[in-house]
1. Assuming R0 = 30 Å, what is the FRET efficiency of B:Asn75 and D:Ile426, from their Cβ-Cβ distance, to the nearest 0.05?
2. Please compute, for peptide C:8-16, the average count of beta-carbon atoms on other protein chains lying within 10 Å of each residue's beta-carbon.
3. Taking only complete DSSP H runs, can you tell me which helices of chain A stretch 20 Å or more along their own long axis by Cα positions and average at least -1.0 on the Kyte-Doolittle scale?
4. Quick one: C:Ile86, D:Ile261, D:Ile274, A:Ile78, fewest Cβ neighbours within 10 Å first, how do they rank?
5. Any idea how far the Cα center of the range D:466-503 sits from the one of the range D:393-425, in Å?
6. From the Cα gyration tensor of the range B:127-238, with a ≥ b ≥ c the square roots of its eigenvalues, which class applies: rounded if a/c is under 1.5, or else prolate if a/b is larger than b/c, or else oblate?
7. Counting other beta carbons within 10 Å of each Cβ, put D:Thr141, D:Thr34, C:Thr100 in order, fewest first.
8. Rounded to the nearest 0.05, what FRET efficiency is calculated for A:Arg179 and D:Leu128 with R0 set to 51 Å and r the Cβ-Cβ distance?
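Throughout, read-outs are computed from the coordinates displayed, never taken from laboratory work. Every value quoted in this text rests on a predicted model; they were computed, and no experiment measured them. Here the Cβ positions follow ideal geometry from the backbone for every residue, glycine too, while neighbour counts run over all protein chains shown.
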Amino acid sequence: MSTDNTVTAGGHKHAHHFRDGLHEFEASKFGVWLFLATEILMFGGLFVGYFLYQSRYPEMFVEGASFLDWRYGSVNTIVLLISSLTMALSIHYAQKNNKKACVTNLVITLVCAGAFMVIKYLEYSHKFHLGLFPGEAFSYADAVAPNLAMYFSFYFLMTGLHGSHVLIGMGLIIWVLIRASKGEFNSEYYTPLEGVGLFWHLVDLIWIYLFPILYLI
Amino acid sequence: MFGLIISLLVGKTIKASTFMPVQGSQVAAQVDSLYMFLLVTSAIFCVLVIGGLIYFVLKYRRKSDDDKTAYISHNNFLEFLWSFIPFVLFMIMFGWGWHVFHQMRDFSKDSLEVHAVGQKWFWDFKYKSGKSSAGEFYVPVNTPIKLIMTSKDVLHSFFLPGMRIKQDVIPGRYTALAFTPNKEGTYQVFCTEYCGDQHSSMLAKMKVVSQEEYEQWLQEDASAGLSLVEVGQKVYEQKCAVCHNTNAERKVGPGFAGLYNSERQFADGSSAVADENYIRESILVPGAKVVNGYPPAMPSFQGQLSEDELSGLIEFIKSLK
Amino acid sequence: MSHGHHIIPMKVLIKTIVALVILTGVTVVAALDVVTATIGSHAINTLIAILIASVKAYLVAAYFMGLKYDSRTHTLVLISSVGFVILLYLFSAIDIFSRTPIESTL
Amino acid sequence: MASSTHNYLNHEKGLWSWLTTLDHKRIGIMYMITVLLFFAIGGTFAMLLRTELIAPGETIFGAQLYNQAMTFHGAIMVFMVIIPGIPAFIGNFILPLHIGAKDVAFPRLNLLSWYCLIVGAAITFVSLIYHGSDTGWTFYTPYSIETDNGTTWVVLGAFVMGFSSILTGVNFVTTVHKLRCKGMTFFRMPLMVWGLYSTAILQILATPVLGITLLLLAAERILGVGIFDPKLGGDPVLFQHFFWFYSHPAVYIMILPAMGIISELITAFSRKTIFGYRAIAFSSIGIAAVSFFVWGHHMFVSGQSELAGVIFSLLTMLVGVPTAIKTFNWVATLYKGSVQFQSPMLYALGFLFLFTIGGVTGIMLATIGMDVHFHDTYFVVAHFHYVMVGGTLMAIMGGIYYWFPKMFGKMYNELAAQLSFLFIFIGFNVTFFPQFVLGAMGMPRRYFDYLPIYEPLNKISTFGAYMIGFGFLIGLYVIIDGLLKGPKASDNPWGAKTLEWQTASPPPHENFLTEPEVTAGPYEYR
């Protein structure tokens, strides 16, 4: 590639337009934070829509929430918090050049993410079984509120968009896992790990807000 | 050169103000005086900026390649001047605009209520006395009018240039407009929110008449003394002409000429002869039988046409060869 | 601007996860029917849930994401993005809740 | 073609080296080709619209085709030409050169941003297979939900193009923060960089909301979720809130970089330091900040409450103040300067003339009492063409001619460029000033057919449109002729003081042979 920032196993040579490794690390971290701002704004749009319609159709939203099992939600929250911890631990160990601990923590994070998706799959199939589809496909016979379909539109849009970000996160973790197991990260260079970690913590942050407003209200 | 451009600009701006449509109400006159104030202020601002620009450009044009230019970096007083003065002017404009806007929105209790319903591509008007008319409505002069409006399908917007007022019409919700016409005459109504193919022909007429003439119009039965076919023609012009031609040529829907007793092929493959029942059903439940090659876009007219209007329309369509 | 790679101490990470799990418990308990019934108003329950979630969010952002040890511009980016979401809600709410309902009198 | 010495154009050979380049200058050139191509397509739709409107009734095609041409003219010009236009094309090329950097912070993201635009544009044009889209570039619901044509493709295309804008924004903010050369403090950066920096902030904070709005609209059309559909309990006015929360900052994404270019042109061609550097720099940031508070002035008559309308009108007046400050500062820069009338300067003066008229009419529309009459009429069409074509397009043409020697190492044909300016400037006024009058007379916008009293002014307007078209054709000839046969240009043909003129034209691959160091401001004409 023309910017000759060849990445060698063990030693990482920073891209030619940066002064040194640290300069590149800080620029990348700042760039990731800016990208996280766009993610917050995108999910923010959904939250704004949710709150505006919740105050307009309160009883419909309460009826919709009654279909959600708060136990599934709580377990999912704990699972994601654990995965956030293990992601932070993997960075912690990478900075201490402890490759084995870093890799194991990444694997645990991946497993937790998988568990989260499995639980989501169970919840979704339970709702599809009842006919609580989003939008026009909604076919739940004895709904009290006429537009109950809108609640499940919000539910599937918000958890679906969040779920897709969990999947993207899992893909990123696998990419970082492969590089970590090849020993590319050390106390001097772990920028991709830091970036994926920040993204994963954001996915957890969004679920921290999704959980109470969907399951607990 | 400098004088010509500026006078051309100012002239054009002032001349533009005479192009406002007729002032049909007291509020319209206020809007026009606000418009005059905005125009004059803008013209002065343009003369200052563009005039200054042209003057500086000509006076300081490059004489030789090694001209020495003054190193002026900034001047705080000037910066303050041309940020505070525009700010004050803008606040005056804001305040005056708010005052005029508020007058457009205070619905006095004793105003005459007219119900307007917009649907893809014509306007319907209903009065409390049960009188209804399409495409045209009468209002008495010097009486506060309140238009209560809704839409049957998509967003539309009721625009009365003569009264300088406009209000979007939203399906599933009522919006309102208030004005007091003080000049008799016919005022044009436009739809100004994009609503599909025939958005540009979704027009209507408002006739401001004397109180007596208004009451007389309210009593008269629109189709009194007209034959059935003539009633049908009036309904056709108000509601159907937008999508159907009287000849055989397709517009949005099929042309009416020669339709009666013709064989109609439907989208689901079946076919039938176009007799009175087929025409009646196509008006009331258009989705039942959609002719092949046409989009199922026709709205239902259930409950909008009186019995004799419906039979008049059928007779009119039968009369078109 | 604190430069260099800062390693988040193990103690801090453990304390954070413990606090997060406890708070999750608290928010679940706060939403149990018996509790919501006593508090009554739906809006206050929502507010409590959001407050607890915000405390959890602060913990994740400050300790897991390392904002506490980072340059303040990163925190500014986070705060401004959340701020503009609230701005969107605020102005839309001002419009929606101050509309004068018009009724048909036919 | 290029000069004999080693530079970014002949650093690598072959199409593949261009399609996988990470050099910000090459990506800038690729954006130039893309943006000018889409401008030609969008311009053709504009010519079709004006030809149709030469007389009432059907002239060249029917209502449905007119509505599709109107929608594509809007969508192409907004999403493919004027939003990526300056930041991605001129910004990509000039920003690293202006701050003395070797490249933007994330070269790979920069290339991905170009591919997002290409893929997004391709998706948008796929909609033509399904009878295009006839909703207008604003996609207002519920009409955009129920019209059964390719609208979903246009919506998803715009969604993908949004990423191109986000990635450029992330890239530029990081570059300005992290890659400034030694001595280049924030107040020694050229004002073009301030323009691009405030634009990048807008791109980051506004575009994601457009993303979620378009996603929700696609969900409406595919799943019928009912959030914006009144038949299912949704609120179409809420769609307008979401849409304009992005689209008003978007019009500042269009104008702020243009203002950046104008600061460069005015100082270079009057050979004088800018008047009120800090006032202009803070005005850029001020406009970017206030732009998020004003979107409701697009919705004064849309069923929005009176209270919200009045608040938005007041805040819109505030955003007018920094714009007025900038305009006065540019005119003050000319005082005691040494003004040279070359085509970039003509475009800068054209910008000042047209943008002033656009600005004052904007204030008229911000006055809520006045907007009730003018909303959705040709007055609004004239206003936004004055600020978009008269503002951003003038700045793009001025920027192309100003940096042409730096980008390609060749000079363009000055006389033909001035002729092109003459046709565009006069044609523009002949086209759009009558539309102010049409708006005052009450002619609504997006009308395929109009009442006979509007015919004479529409005829003049169409004639003006042909003049603009001819002017841009001459402009295209000047660019192509300059590329093929242009004489070799010196490193600093205009004698400007900003950093990009200290390196060779066209610049070497790594921009500066020796690491530049800055000791003073960008416009030191002593």
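1. Working: r = 35 Å, r/R0 = 1.16.
Efficiency computed from Cβ-Cβ geometry: 0.30.
2. Working: counts 5, 1, 5, 0, 2, 7, 2, 0, 4.
Counting Cβ atoms of other protein chains within 10 Å of each residue's Cβ and averaging gives 3.
3. On the way: long enough: A:21-56 (52 Å, 0.68); A:70-95 (38 Å, 0.75); A:99-130 (47 Å, 0.77); A:148-181 (48 Å, 1.41); A:191-211 (30 Å, 1.22).
What comes out of the filter, once short or polar helices are dropped, is A:21-56, A:70-95, A:99-130, A:148-181, A:191-211.
4. Details: C:Ile86 12, D:Ile261 31, D:Ile274 27, A:Ile78 16.
By the 10 Å Cβ count, ascending, the order reads C:Ile86, A:Ile78, D:Ile274, D:Ile261.
5. 5 Å
6. Details: a/c = 1.81, a/b = 1.16, b/c = 1.56.
Oblate, because a/c is 1.5 or more while a/b does not exceed b/c.
7. Numbers: D:Thr141 26, D:Thr34 19, C:Thr100 10.
Fewest-to-most ranking of D:Thr141, D:Thr34, C:Thr100: C:Thr100, D:Thr34, D:Thr141.
8. 0.75
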